[in-house]
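Structure, as structure tokens:
The values are calculated or read from the model by the stated rules, or taken from the named source; none is laboratory data. It should be emphasised that the depicted structure is a prediction, and the values quoted were computed from it without experimental measurement. No Cβ is skipped: glycine too gets one built from the backbone with ideal geometry, and neighbour counts run over all protein chains shown. What goes into the accessible areas is simple: the full protein's heavy atoms, side chains included, and nothing from ligands, DNA or RNA. Shrake-Rupley method; radii C 1.70, N 1.55, O 1.52, S 1.80 Å.
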Amino acid sequence: MLLFALGFLLVILQPSAGQFPRVCANVQSLLSKECCPPWDGDGSPCGELSNRGSCQNILLSQAPLGPQFPFSGVDDREDWPSVFYNRTCRCEGNFMGFNCGECKFGFSGLNCTERQVKTRRNIFQLTASEKNKFLAYLNLAKNIPSQDYVIATGTYAQMNNGSNPMFRDINVYDLFVWMHYYASRDTLLGGSDVWRDIDFAHEAPGFLPWHRVFLLMWERQIQRITGDENFTIPYWDWRDAEDCEVCNDEYMGGRHPTNPNLLSPASIFSSWQVICTRSEDYNSQQALCSATSEGPIRRNPGNNDKSRTPRLPSSAEVEFCLSLTQYESGPMDKMANYSFRNTLEGFADPQTAISNPAQSGLHNALHIYMNGSMSQVQGSANDPIFVLHHAFVDSIFERWLRRHRPMLEVYPAANAPIGHNRENYMVPFIPLYRNGEFFKPSRELGYDYEYLQEPALQSFQDLLTPYLQEARQIWAWLVGAAAFGGIVTAVLTGLIRACRKKKGGTSSEIQPLLIESEDYNNISYQSNF
């Protein structure tokens, strides 16, 4: 009955996510390079008549890139999305979406004026009914076609520069699998040549903001297709876990009784088919993943290469990672040392923060430990554990943001690998999002984590912490200023007394310099730090 009801909701709800809007996947839009669909509310492009937005030229970042990608004009993802579209909707205020028909993350209501903060919870803290509903939502997403978006099955050149569109339908869950693949796929250089050292979602500063957007869009998609506006992604806290605690039929699927690489037939996920896992085939054919089925989910947790990933991450490793003060460093890729991002992503040792790509720590450790579909970057989102895992990784990112309170300028503006500068648009999302827009606390984006919520007193203390730290840095100056002020006060007081003695009193027309005691309660003081 639950699945039947959810299926019915699909008829009345219009989902929205990312990639190519269906209304722009046509010859006219591709040749004109314009994707400014009308908003249903008033029928005007981008809801312009209702002051929601307008069709504008895309403003691309001109900041220099790092040396990792030595080509230009060979990949459709360069200067995203300008190869396909150079005019899109620019939304005003709190409006968002490819036609400005949605609210920004963290806002709701008819005019997107109502702030909201929803809580993501530990999957083991969900009730049985909440957990079963989450699993049903996942399965629904796997079996419902996306209404608003399609995927590209060919490059822009293979589409004859837009005159021969190559797109196809895809279900809601696989849309996100495909987007993860598309962002991390190799560059096709022609013939049998590819360039592998490129990734618009990993191995660089954008890793954490990109996956933050990915989860927010995925969360909103589930809310829309189910009608459950209160849905939030649960997370799996894997710190110090001795094994895969969610790998059982009650949660994300147990081990097959006769084939340890497959899921138990008792799990709903055992019937799922994966897509976009055969990167070498796509490369040899110079083709994109077309989202055709490529077999069942594979998973054999714990039977991985122990020399690379001996165990799941520990609490101590997470705490060390959080202590790192630099978000990014050096080449800003997987060779970066003392970088919080690179250490959390797993290319740097979680005990020293020194780059060591031969080992897999923290985020990467989980992927390798799963020893299956999750262990291959481009197709890793096929396993639904991906969502639980990245929600927890995002929570660690959130802890770092709250602890260190970095300014936006901490996120690199230039010289990062292609697609990862602060003002670069994230591949392959439409509507457009810049990396720097999601380098901010989660509460500003409308969500929080259950285990990070603190009592009001603690939050107040945290608010004061950075100011107290600044005060310590200028303590000597403050002491000197106080001493100087004391001397000045003493001199003035002496002069005042001397004048009083000389004049022998104060006339009624002259106001006193000192306030009488009963007047103190009527005075309010302000100090500017």
Review point. Could you give the accessible area per residue of segment 119-216, probe 1.4 Å, as a whole number in Å²?
Key: 31
Practice item. Within the set of other residues whose C-beta is less than 10 Å from the C-beta of SER315, count the net charge using Lys and Arg as +1 and Asp and Glu as -1. Key: -3
Review point. So which aspartates and glutamates can LYS131 reach, going by Cα to Cα under 13 Å and dropping same-chain residues fewer than 8 places off?
Key: ASP249, GLU250
Check your understanding: Between segment 53-80 and segment 159-231, what's the alpha-carbon centroid distance in Å?
Key -> 17
Exercise for review: Give the long-range amide H neighbours of ARG120: residues separated by 5 or more places, or on another chain, with amide H under 5 Å away, using H modelled in the peptide plane at 1.01 Å from N.
Suggested key: ASP448, TYR449, GLU450
Practice item. May I ask you to give the percent of accessible area on segment 118-420 that is carbon plus sulfur, with a probe radius of 1.4 Å? Key: 47
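Please give the net charge around GLU34, taking every other residue with its beta carbon less than 13 angstrom from that of GLU34, where Lys and Arg add +1 and Asp and Glu add -1.
That sum, taken over residues with Cβ under 13 Å, equals +3.
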Point to revise | Spatially proximal aspartates and glutamates relative to LYS33 (Cα-Cα < 20 Å; intrachain offsets below 8 disregarded) | key: GLU48, ASP75, ASP76, GLU78, ASP79, ASP148
Check your understanding: What is the distance, in nm, between label points placed 7 Å from the Cα along the Cα-to-Cβ direction at GLU229 and at ASN160?
Key -> 4.7
Practice item. Can you tell me the FRET efficiency between CYS55 and GLU250 if r is taken as the Cβ-Cβ distance and R0 is 56 Å, rounded to the nearest 0.05? Key: 0.70
Review point. With point charges of +1 on the Cβ of Lys and Arg and -1 on the Cβ of Asp and Glu, referenced to the Cα centre of segment 118-420, which listed residue (SER315, ALA128, TYR149) lies farthest in the positive direction of the dipole?
Key: ALA128
Revision key, fill the gap. Per principal axis, largest first, the Cα atoms of segment 118-420 extend in Å by 50, 48, 40
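Once you have the Cα-Cα distance between ARG196 and ILE268, take 0.36 nm times their residue separation minus that, and quote the gain in nm to one decimal.
Length gained, ARG196 through ILE268: 22.4 nm.
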Check your understanding: Once amide H atoms are placed 1.01 Å from N in the peptide plane, what residues at a sequence separation of 5 or more from ILE58, or on another chain, have their amide H within under 5 Å of its amide H?
Key -> ARG87, THR88
Practice item. Between beta-carbons, use under 13 Å as the cut-off and find the net charge around SER50, counting Lys and Arg +1, Asp and Glu -1. Key: -3
